[in-house]
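Working notes for the structure below.
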Amino acid sequence: MKLRKADALKIGALAIIFFTGLYFGYQILKPQKSLPIYNPSQLDERLVHPSIQSQGLRHRTLNFSLSNQYGETVTEKTVEGKIVIADFFFTTCPSICKDMAVQMRRLQEEFKNDTAIVLLSHSVTPVADSVSVLAEYAQRQGALKNKWHLMTGDKPQIYKLARQSYFAVLDEGGNGNEDDFIHTENFVLVDHQRRIRGFYDGTLAEDVDRLVEDVRWLLDECD
């Protein structure tokens, strides 16, 4: 049986309405992406100094003052309102730091034109990694000025940042003295309000893929 043209148009219109409704219904009901906000009380206790283990929803990354590869002072004011990707490394590291540097270069390339994102690499051997040593290392890595800060300075301060600000390593009671040493592959994502939003294995490309996706989500959240 042939459909009249008017009936065919009605059926077509109803089909469009039906599938449009299905699409918008899916968009409304589908799970929305969200990133956790990490606070000390929610983390593995081995990562958190006993003095702040009970801290609830108030954690913000600590203030700091370090020198970058240009001898410039970098503080929390330098990165105010920005999304930060932080890691801890040393220039003579023969193992994981090489892979981490590859992924940091990749992140720099991915976001090099976005001024809302900055990379902070903290040397865990700051006595050996002087400004001049960092300058040479940064040149080899292709680090861009104002995008990727490779930083040195007071060792106890850097170690406190690793343990009590970014929770990048297990807290083993060290205080950054001469014999203290930390080594971690973690990349830490911090939002524009200085809240920790993610931890990633900086030696694994697939984990850094996830980091890139999360940064893009944070950029949308900031808009």
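The single residue among Tyr200, Tyr137 that is at negative phi, modelled with pLDDT of 95 or more and under 13 Å from the mean Cα position of the chain (by Cα) turns out to be Tyr200. Would you please name the residue that is farthest from Pro126 (Cα to Cα), looking only at residues in segment 67-80 that are surrounded by fewer than 17 Cβ atoms within 10 Å (Cβ to Cβ) and of a type outside the set (Phe, Trp, Tyr)? Here the answer is Glu80. Flag: Arg46 matches the condition of being over 14 Å from the mean Cα position of the chain (by Cα), farther than 18 Å from Leu189 by Cα, at pLDDT below 95 and not in a loop (DSSP other than H, G, I, E, B). For segment 195-223, the tally of residues that are over 21 Å from Cys97 (Cβ atoms), among the basic types (Lys, Arg) and out of contact with any His (no Cβ under 9 Å at 6 or more places or on another chain) stands at 2. Taking the criterion of being out of contact with any Lys or Arg (no Cβ under 9 Å at 6 or more places or on another chain) and closer than 17 Å to Asp214 by Cβ, the residues of segment 82-108 that qualify are Lys82, Ile85, Ala86, Asp87, Gln103, Met104, Arg106, Leu107.
Do any strands (runs of 3 or more DSSP E) lying entirely in segment 130-223 carry at least 3 residues that are out of contact with any Phe, Trp or Tyr (no Cβ under 8 Å at 6 or more places or on another chain) and closer than 23 Å to Gly81 by Cα, and which ones are they? Explain how you work it out, then say what you get.
On the way: elements: 148-151, 186-190, 196-201.
Result: 148-151.
Apart from one condition, Ala86 fits all of (1) assigned to a loop (DSSP other than H, G, I, E, B); (2) within 20 Å of Arg195 (Cα to Cα); the exception is (1). Taking every residue in segment 36-55 that is within 15 Å of Gly198 (Cβ to Cβ) and pairing it with any residue that is modelled with pLDDT under 75 and assigned to a loop (DSSP other than H, G, I, E, B), at least 6 positions away or on another chain, the pairs with Cβ-Cβ distances below 8 Å are Ile37/Leu57; Asn39/Gln55; Asn39/Gly56; Asn39/Leu57; Leu47/Asp171.
If you go through segment 99-118 and keep only what is within 24 Å of Arg163 (Cβ to Cβ) and assigned to a helix (DSSP H, G or I), you end up with Asp99, Met100, Ala101, Gln103, Met104, Leu107. Please work out if Ala128 is under 19 Å from Gly176 (Cα atoms), assigned by TED's automatic domain parsing to the domain that holds Leu189 and touching a residue at least 24 places away in the same chain (Cβ under 8 Å). Here the answer is yes, as Ala128 does meet what is asked. Against the definition (in contact (Cβ under 8 Å) with a residue 40 or more places away in the chain, hydrophobic (A, V, I, L, M, F, W, C) and farther than 25 Å from Asn63 by Cβ), how does Val212 come out, yes or no? Yes: the conditions hold for Val212.
The set of residues from segment 167-199 being closer than 21 Å to Val127 by Cβ and touching a residue at least 60 places away in the same chain (Cβ under 8 Å) comprises Ala168, Val169, Ile182, His183, Thr184. Being modelled with pLDDT under 95 and more than 19 Å from Ile37 (Cβ to Cβ) holds for only one residue in Ser51, Ser123, Ser65, and it is Ser51.
If you check Ile83 against the conditions, is it modelled with pLDDT of 90 or more, surrounded by 10 or more Cβ atoms within 10 Å (Cβ to Cβ) and of a type in the set (A, V, I, L, M)? In short, yes.
The values are calculated or read from the model by the stated rules, or taken from the named source; none is laboratory data. Since the model is a prediction, treat every value here as computed from it, not as a measurement. Cβ coordinates were reconstructed from backbone atoms using ideal geometry, including for glycine residues, and neighbour counts include every protein chain displayed.
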